[in-house]
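Shown next, in structure tokens, is the structure this report addresses.
Taken together, the values in this text are just the output of simple stated rules run on the coordinates, not laboratory data. In this text, all values refer to a predicted model and were calculated from it rather than measured experimentally. Note that we place each Cβ from the backbone using ideal geometry, even for glycine, and neighbour counts take in every protein chain shown.
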Amino acid sequence: MSVTTQWIEIDSAEGKFGAYLAIPHTLNGPGIVLIQEIFGVNEHIRSVAEQYAADGYVVLAPDLFWREGKRIELSYDQAGWTRAVELMNATDIVKAQKDIELTIDALKALPNHDGGVASIGYCFGGLLSYLTAANGLVDVAIAYYGGGIQNQLDRADDIQVPLLLQFGEKDSHISLDNVELIAQRLDDNDNVEIIVYPDAEHGFNCSHRDSYNQRAAAEAHGNTLIFLGMEMPNGD
């Protein structure tokens, strides 16, 4: 399926921020708010947006680092990592969640949107997707290797929507002990599914990184589409 892309601007109380829009050509569909890694809405995140648009979803990826500089785009070398961590540490989580809420509103207002809205986040964005679910802002939430979720388990009881958490077995940033802690805390919540991919490192979905794992990425994409297909509300 062909995809149309563009940057749009979203109004906030602090000014305008950008969001990368990918829509399936000549087709309306349910929405996905795609939440970036700490490397910005870079080539990888834009390609993921286009992938889900090709799957039939209207995708909007907000630039969450806009207060530090618009459309910051980092690579995965040492300089990129250093700057990415600086930006993550400078990000106000509450403000980022508000930006995501405004992005959801903007997505729902698009003429191509028809149906529910999901959040899908990667790394830092995985944590924000989890919090988006806890805030009740979306119909479905998915997190890939969401760092720091284990530190936000006081929000676990707020999860009332379907939530899929996906981790790599050999993630050097998120230990299996932390995954088990998350699993134990969410064990009695029937809305939550957790999948751990064998031999997969942090960032296994990103083909621009040395940690890319093609099998895990393919399986996770398939599981994400199945989860969305089962849980996402249909349009008219």
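How big is the chain along each principal axis, measuring the range of its Cα positions in Å and listing the largest first?
That works out to 44, 42, 34 Å along the principal axes.
So which GluC sites (Glu not before Pro) in region 30-107 are both in a DSSP loop and have at most 14 other Cβ atoms within 10 Å of their Cβ?
Glu68
By the scheme Lys and Arg +1, Asp and Glu -1, what is the net charge of all other residues having a beta-carbon under 14 Å from that of Met230? Each step should come with its number before you reach the end.
Details: positive: none; negative: Asp139, Asp190, Glu193, Glu231.
Net charge in that neighbourhood comes out at -4.
Would you pull out the residues with amide H under 5 Å of Ile194's amide H, same chain only if 5 or more places away, H placed 1.01 Å from N?
Amide H neighbours of Ile194, under 5 Å, 5+ apart: Leu165.
Tell me what the chain gives for mean residue ellipticity at 222 nm when only DSSP H runs of n ≥ 4 count, each as -39,500 (n - 2.57), the sum divided by the residue total, rounded to 500 deg cm²/dmol.
Numbers: 6 runs with 81 residues, N = 236.
That comes out to -11000 deg cm²/dmol.
From the phi of every residue in region 158-175, what ³J(HN,Hα) in whole Hz does the Karplus formula 6.51 cos²θ - 1.76 cosθ + 1.60 yield, where θ is phi - 60° and glycine or proline is x?
Once θ is set to phi - 60°, the couplings for region 158-175 become 7, 6, 10, 10, x, 9, 10, 10, 10, 10, x, 4, 10, 5, 7, 9, 10, 6 Hz.
Taking 8 Å as the Cα distance limit and 6 or more residues as the minimum spacing, I'd like the relative contact order of region 8-127 as a percentage.
It rounds to 37 percent for region 8-127.
Viscosity 0.890 mPa s, temperature 25 °C: Stokes-Einstein D of region 92-152 from its Kirkwood Cα radius, in µm² per second?
209
Restricting to Cα pairs below 8 Å that are 6+ residues apart, what does the relative contact order work out to for the chain? Please round to a whole percent. Intermediate values should be presented prior to the final figure.
Details: 517 pairs, mean separation 39.3, N = 236.
Relative contact order comes out at 17 percent.
Could you give the C-alpha radius of gyration of region 39-94 expressed as a fraction of 2.2 N^0.38 Å, taking N as the number of residues it contains?
1.24
If the cut-off is a Cα-Cα distance under 26 Å, which lysines reach Lys108, setting aside same-chain residues fewer than 8 apart in sequence?
Straight-distance partners of Lys108: Lys16, Lys70, Lys95, Lys98.
If amide H atoms are built 1.01 Å from N in the plane of the peptide, which residues on other chains or at least 5 residues away come under 5 Å of the amide H of Ile35?
Counting only residues 5 or more places away or on other chains, the set is Ile120, Gly121, Tyr122.
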